[in-house]
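Rule-based calculations on the coordinates, nothing more; no lab input. Keep in mind that this is a model prediction, so the values were computed, not measured. Note that each Cβ is placed from the backbone with ideal geometry, even for glycine, and that neighbours are counted across all protein chains shown.
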Amino acid sequence: MEPHTTPSMVKNTLILAKFELKKLLFNPRGLISLFAFALVWLLILLYPVRSASSFLLTEEFKLLISAAFGESSINELFKWEVAEMAIFWIAALYLFPLFSIFVSADQFSSDKHRGTFRFLTLRTGRDSIFFGRFTGHMLIQSLLLILTILATVILAISRDMSLLLPALTSGALVFINVFIILLPYTAMMAILSLYANTARQATIYAILFWAISAIIIAIINSQLPSLAELLQWVLPGAQLSMMINTQGLGSLAYAPIPLIQAAVLLFLGRNYMKRSSL
Amino acid sequence: MSLIKCEQLSKSYGSKQALDNVSIELKSGSPIALVGPNGAGKTTLFSLLCGYLLPSSGSVTIMGEKPGSQGLLGKVSSLPQDATLDPNLNLISQFILFGTLQGLSAKAARDEGQRVLTLVGLADVIEQKPQSLSHGMSKRASIAQALIGSPQLVLLDEPTAGLDPANAKVVRDLVKSLSANITFVISSHNLDELEKLCDQVIYLDKGKLGREVSIQDNLTDEYITVSMQTCDKAQFINDIEALNGVNSVTQRQDDEFLIHYNADDVNDLEIQLFQLFSRNSWRYRAILKGRSLEDKLFS
């Protein structure tokens, strides 16, 4: 049977990315993971987000925070039109990168370990496999992000229906910002899962990587502070603490950091994939 | 153009030399056998041909291109040893993925998946996941994926290992029926099977290329191999050695004898043998023109 079209790298990358999403949505294992994720976020939304957002609206709380952290430390937080989205922003900034480490830990490890890649590499190039899996895992995380943002929007409009438009607008900007933040985490996990034999091993390598890097930077900081200041930007998530006190388009000012990190990591991962034995 | 060309190909894993300076050139056509003891480097050679591994030194090309290159995608397929399909996805969805990656539409990929799974007798289990299949069925499913599309070269690493005799025959028949359009390279320890399927045999040992044997040489070979069911062995050897044109008779195994003769002196040796069997009421099991593959490789 002759192929209908000549397979191209881009087409096969998209086929593999869609297949990753399909594996999540049409597979009992994937659905269980999705359900567990939804349950965790339901609890986060129902308790911290809902109750904290009501605090955020009170004048006493603003005064307390200003007194505790200073006038300008988290003043942007009070400027959010939708208080729920402000709390969601803080939670998402730290939780989604953490989820990313777990969700994208098995981009390659299991398939490589059981030899399943060998069925793919004679049909498509290694570039398609690498970028297809990476794109697929970004699609999965985008889906999870959209679901949680929509749940936050519903939470906000259940309090005040007039918040629909501002909630959707700020939700879209939160999506773009968090999506960009997740790129280097997913790229880093792509490299680690290529090296590891299992998803668990890849996760352990990730924890070790961040912990050891932080220790090394701290040691360098005591000897060569200027070098340490430069090195801290190498780690994915270096900009997160500074992003808390930003909102909307202002948060995008930090986007070049994760974008450059992701580009470098994807370049390294792609070369590692090209040279690795399957 | 050569189908496969290896030039001074070597591969080492740390200090262990798995392939040592192997140079071979193979042309497309009848199935080619790759034999050798465990650890001889057969799977390493297959992995290099498929592009799963990169050589430590030397070069390998398939149809003039490097393994794994864009030009070979869909033209070369393989049954890799120890590779398993994704246990969490049913067979047909994985086969549709393979087909679409080879350029088929989703509908054509489904039809193609059904076709190849039917070829190996797995039409009833296309919706099942690999983990619910027996070892033999999984092996057949892995063979089926190698037949998706229009591959020109199919590398089968131990295709019948672990299969029951009936299904091993199904695989052998499949290889025979497809070998007019596809060149198969088969690695196996089953010499009888290779003898039935292949014309050319490559022998690897300790990473080095041993002899290359052609089964077709049997037709011009001045040997006859006879397996006997009942006979007086000493008398068998004496009587046949007394026939005109016979140089020697050697007992190979308990009931197998190798007759070496001079073709210029005798042209009806087979008839004389049958007459001898008849006179002595000996019953034979098999007569082979030439030598068995085992004899050619190991004697």
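The trypsin sites (Lys or Arg not before Pro) of the range B:21-89 that meet both conditions, a loop assignment by DSSP and at most 14 other Cβ atoms within 10 Å of the site Cβ, are B:27.
Of interest is the spacing of the C-alpha centroids, which for the range B:251-276 and the range B:55-77 amounts to 46 Å. May I ask for the distance between the Cα centers of the range B:184-205 and the range B:114-174, given as a whole number of Å? Their Cα centres are 19 Å away from one another. Using the average count of surrounding beta-carbon atoms within 10 Å as a protection proxy, the listed peptides A:26-36, A:12-22, A:99-109 rank, highest first, as A:99-109, A:12-22, A:26-36. Legend: mean number of C-beta atoms from other chains within 10 angstrom of residue C-beta atoms, peptide A:106-116, equals 3. The label point for residue A:198 and the one for residue A:31, both projected 7 Å from the Cα toward the Cβ, are 2.6 nm apart. Averaged over the residues of B:42-51, the number of partner chain Cβ atoms lying within 10 Å of the residue Cβ comes to 1.
Backbone amide hydrogens, once placed in the peptide plane, bring residue B:204 within less than 5 Å of B:35, B:36, B:210, excluding anything fewer than 5 places away on its chain. Residue A:14 versus residue A:54, label points 7 Å from Cα toward the beta carbon: distance in nm? In this crude spin-label approximation the distance works out to 4.8 nm. Lysine pair count for the range B:129-256 (Cα-Cα distance under 22 Å; residues 8 or more apart in sequence or on different chains): 6.
When you restrict to C-alpha pairs under 8 Å that are six or more residues apart and normalise by the size of chain B, the relative contact order lands at 19 percent.
Between residue A:209 and residue A:142, the modelled label-to-label distance comes to 2.2 nm, taking each label 7 Å out from Cα in the direction of the beta carbon. A Förster distance of 60 Å, applied to the separation of the beta-carbon atoms of residue A:81 and residue B:135, puts the FRET efficiency at 0.45. Dividing the mean sequence gap of close Cα pairs (under 8 Å, 6+ apart) by how many residues chain A holds gives a relative contact order of 27 percent. The spacing between the range A:39-63 and the range A:201-241, judged by their C-alpha centroids, is 32 Å. Between helix A:28-44 and chain A there is an angle of about 10 degrees, using the helix long axis and the longest principal axis of the Cα atoms.
Other chains near B:111-118: what is the mean number of their Cβ atoms within 10 Å of each residue's Cβ?
The per-residue average across the peptide is 1.
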